[in-house]
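Engineer: So that we are looking at the same thing, I have put the structure below in structure tokens.
The values are calculated or read from the model by the stated rules, or taken from the named source; none is laboratory data. From a predicted model like this one, the values you see are computed outputs, not experimental measurements. Because the Cβ atoms are built from the backbone with ideal geometry, glycine has one as well, and the counts that use them run over all protein chains shown. Areas reflect the complete protein model, heavy atoms only, side chains present, ligands, DNA and RNA absent. Shrake-Rupley method; radii C 1.70, N 1.55, O 1.52, S 1.80 Å.
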2 protein chains.
Amino acid sequence: MTTKMNRKFILKRRPDGSPTEGDFELVKEPIPKISSGEFLVRNHFISLDPAQRGWMDDQPSYMPPIEIGASIRATTVGRVEESKNPNFQEGQWVLGLNGIEEYSLVQEGGFTSPIDTSIVASPTNYLSILGAVGMTAYFGLLDAGQPKAGNTVLVSGAAGAVGSAVGQIAKLKDCRAVGIAGGPEKCKRLVEYYGFDAAIDYREKSPEQLEKAIKDAAPDGVDVIFENVGGEILDAGIMALNEHARVVLCGLISEYNSDPRGARNIWQIIVKQASMKGFLIRDYVPKFAEGAAVMAGWIADNKIKFDEHVEHGIENTFDAFMLLFSGGNKGKLILDISGE
Amino acid sequence: MTTKMNRKFILKRRPDGSPTEGDFELVKEPIPKISSGEFLVRNHFISLDPAQRGWMDDQPSYMPPIEIGASIRATTVGRVEESKNPNFQEGQWVLGLNGIEEYSLVQEGGFTSPIDTSIVASPTNYLSILGAVGMTAYFGLLDAGQPKAGNTVLVSGAAGAVGSAVGQIAKLKDCRAVGIAGGPEKCKRLVEYYGFDAAIDYREKSPEQLEKAIKDAAPDGVDVIFENVGGEILDAGIMALNEHARVVLCGLISEYNSDPRGARNIWQIIVKQASMKGFLIRDYVPKFAEGAAVMAGWIADNKIKFDEHVEHGIENTFDAFMLLFSGGNKGKLILDISGE
């Protein structure tokens, strides 16, 4: 081992509302030594996701809270630097649940798997369209949302990595796709680039105006909502639901940094005999290969467009992460810490 | 025809929040004359239900709003007084969707059907356990809630007509039944009379105390919520959900007289991959005979207890109706306007 150090972006204290720079610290530690069965990964690409904000809280969740002093948990793509595990050779590209850190020690049986970078344009694709993002769109819409041909699918956060894929899959399934996003530029992109049938700019709209805009864009009502945002956007969508409609609750990014507001209009869920289903991609991991095969086919046929927004440098993690909440990223947000 | 008049309890203006006496008027009109195919029903018993509050608003709903000047829409049990329809003979007991009025004119094809009063202790049973109330409990729990043996079922408004039946059906299906009600007397009754495993008095409890009480009463977590109340009670229940739990949204009586508050903790629906399903009994009308047959068997075997709270006199409609919102009724609320 050289005297190279491992830079880690750790949780110093739990954020109160919106995270501040002082909640984190970039620390240097010796690179961990590996034992038999273990291997060391040099992380190149870090997935930055809204879910990480939830893991920073001391709340019951589907994963334990990130411990104070630990690296921020993250899905990463990297290469095996050193290995005492016969299944992972030096130089192998891997995808795993690790942390925002240059080097991760992976124990036997950890959530890390080899990836084939020869079939993709960039290894980062495994953090976007062929990873949790693409699979969330695929299984969230098709399995949880059960769209039928001719249905109208309303997608919030539609210009985001998941949302833009959801709209395109809806179109591939002969649905009308209506997207909600912030600002005219994103809305233009939804229609002209991703092929949504209509786009709604939620900014500077009152709840009533938003409801009207949705009803105008979905004249036959909404059969499936794919919800990434929550708050007034979800409530406005609920008011346009058809009978027996399905709401896929995928994310509620509008309230991750505040007290939960929830959905005020759930009385419409009764009136419309609709359903609202919480979606976590975790349940679908065993079906990833199936979903990725379909998705890879669509990519090869040029039927799905996807975008990656890559920021650089582990020292810029905080600013990069906060883009998620300002809506500043265009496509799946990825941090490149390879130093290349 | 005699010069007897028809007293009708009509909607004078739409209530703003909690209904006031001035929103209604008891008027006298001539008894309607029937034409060929029609018949006249003398209403004896009126079902008073929270849903009626919703129909008073000028809101899109699953039924049109009650028109200003029209009788308050209600399910009634009465007898055919006069008939020009070969299927309905004078003296026949009938159940129908009519109004709070002494006499209702029923047109051919109206929602009115003959009932057999010889098999029940009282014709009012068709407004409670063998009617929409009992069938809501039956299909709402078993079809929408999908409880499995060993599951924990949490019921709000548990001392009400629907709630008390839900808890008993849960027990018949080998589930743990936990009820939420207001006041020690109702809670005692839930356990000692209806056979719930545990009862929680929501009164004078903070949201945190309510959450703790639910977790104490449901040590293995909650698999099915049967929700009649909404608001803080629903939010506290959501915090105790197990993975893949089902929330049956049957009613939200806590917010019928105010701006909707909704569910603030729907983020837990995501975390637990739970679902929330809006339930209207309307969809199940074609299956009523099936449900009523099972229910009648349970009643005959003394396995289901049910209560009817009967108030008297059409002139007392307003006070009787408001019992629904103060929790003052013990059992299914029925107004006897037979004058007998």
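Engineer: In segment B:248-258, which residues are free of Cβ contacts under 8 Å to residues at least 40 places away in the same chain and either surrounded by 24 or more Cβ atoms within 10 Å (Cβ to Cβ) or more than 8 Å from chain A (Cβ to nearest Cβ) (or both)?
Structural biologist: B:LEU249, B:LEU252, B:SER254
Engineer: Inside segment A:51-77, can you point out the residues that are in contact with a helix residue (DSSP H, G or I) (Cβ under 9 Å, 6 or more places away or on another chain) and not hydrophobic (A, V, I, L, M, F, W, C)?
Structural biologist: Passing the criteria: A:GLN52, A:ARG53, A:GLY54, A:GLN59, A:PRO60, A:SER61, A:TYR62, A:PRO64, A:PRO65, A:ARG73, A:THR75, A:THR76.
Engineer: Follow-up. Identify, please: which residue in segment A:17-60 is under 20 Å from A:ASN6 (Cβ atoms) and without any contact (Cβ under 8 Å) to a residue 60 or more places away in the chain and is, among those, least open to solvent (accessible area, probe 1.4 Å)?
Structural biologist: A:VAL27
Engineer: On to the next question. Taking only segment B:173-221 into account, find how many residues are closer than 14 Å to B:GLY150 by Cα and either open to solvent by 60 Å² or more (accessible area, probe 1.4 Å) or over 21 Å from the mean Cα position of the chain (by Cα) (or both).
Structural biologist: 9
Engineer: State yes or no: is B:ALA245 open to solvent by less than 30 Å² (accessible area, probe 1.4 Å) and assigned to a helix (DSSP H, G or I)?
Structural biologist: Criteria not met by B:ALA245.
Engineer: Look at segment B:285-340 and say how many of its residues are outside any helix (DSSP H, G or I) and open to solvent by 40 Å² or more (accessible area, probe 1.4 Å).
Structural biologist: Total satisfying the criteria: 12.
Engineer: Being touching a Gly at 6+ places or on another chain (Cβ under 9 Å) and either within 26 Å of B:GLU101 (Cα to Cα) or acidic (Asp, Glu) (or both) narrows it down to one of B:ILE225, B:ILE253, so name that one.
Structural biologist: Exactly one of B:ILE225, B:ILE253 is touching a Gly at 6+ places or on another chain (Cβ under 9 Å) and either within 26 Å of B:GLU101 (Cα to Cα) or acidic (Asp, Glu) (or both), namely B:ILE253.
Engineer: Report yes if B:ALA218 is without any contact (Cβ under 8 Å) to a residue 60 or more places away in the chain and at negative phi, otherwise no.
Structural biologist: Considered against the rule, which asks whether it is without any contact (Cβ under 8 Å) to a residue 60 or more places away in the chain and at negative phi, B:ALA218 comes out as no.
Engineer: Another question, if that's okay. The conditions are (1) part of a strand (DSSP E or B); (2) in contact with a Leu (Cβ under 7 Å, 6 or more places away or on another chain); (3) within 13 Å of another protein chain (Cβ to nearest Cβ), and B:GLU232 fails exactly one of them. Which is it?
Structural biologist: (1)
Engineer: While we're here: Restricting attention to helices (runs of 4 or more DSSP H) lying wholly within segment B:103-205, give those where 2 or more residues are of a type in the set (A, V, I, L, M, F, W, C) and touching a Leu at 6+ places or on another chain (Cβ under 9 Å).
Structural biologist: So the answer is B:161-172.
Engineer: Can you give me the number of residues within segment B:61-99 that are open to solvent by 10 Å² or more (accessible area, probe 1.4 Å), within 28 Å of B:LEU280 (Cα to Cα) and not acidic (Asp, Glu)?
Structural biologist: Residues that pass the stated criteria total 16.
Engineer: Every residue in segment B:100-122 that is at pLDDT 90 or above and buried (at least 20 other Cβ atoms within 10 Å of the Cβ), please.
Structural biologist: B:ILE100, B:GLU101, B:GLU102, B:TYR103, B:SER104, B:VAL106
Engineer: Restricting the search to segment A:66-108, which residues are touching a residue at least 60 places away in the same chain (Cβ under 8 Å) and either more than 30 Å from A:GLY22 (Cα to Cα) or not small (Gly, Ala, Ser) (or both)?
Structural biologist: A:ILE72, A:ILE100, A:GLU101, A:GLU102, A:TYR103, A:LEU105, A:VAL106, A:GLN107, A:GLU108
Engineer: Pick from B:ALA289, B:ALA274, B:ALA296, B:ALA300: which is farther than 30 Å from B:THR20 by Cβ, within 7 Å of chain A (Cβ to nearest Cβ) and small (Gly, Ala, Ser)?
Structural biologist: Exactly one of B:ALA289, B:ALA274, B:ALA296, B:ALA300 is farther than 30 Å from B:THR20 by Cβ, within 7 Å of chain A (Cβ to nearest Cβ) and small (Gly, Ala, Ser), namely B:ALA274.
Engineer: Please give the number of the condition A:ARG7 fails out of (1) open to solvent by less than 70 Å² (accessible area, probe 1.4 Å); (2) within 25 Å of A:GLY313 (Cβ to Cβ).
Structural biologist: (1)
Engineer: Moving to a separate point now. In segment B:259-271, which residues are open to solvent by 10 Å² or more (accessible area, probe 1.4 Å), at the interface with chain A (Cβ under 7 Å from one of its Cβ atoms) and of a type outside the set (S, T, N, Q)?
Structural biologist: B:PRO260, B:ARG261, B:ARG264, B:TRP267, B:ILE270, B:VAL271 - these are the residues of segment B:259-271 that are open to solvent by 10 Å² or more (accessible area, probe 1.4 Å), at the interface with chain A (Cβ under 7 Å from one of its Cβ atoms) and of a type outside the set (S, T, N, Q).
Engineer: Working only within segment A:265-281, note down all residues that are of a type in the set (Phe, Trp, Tyr) and either closer than 18 Å to A:ALA144 by Cα or in a loop (DSSP other than H, G, I, E, B) (or both).
Structural biologist: A:PHE279, the sole residue that qualifies.
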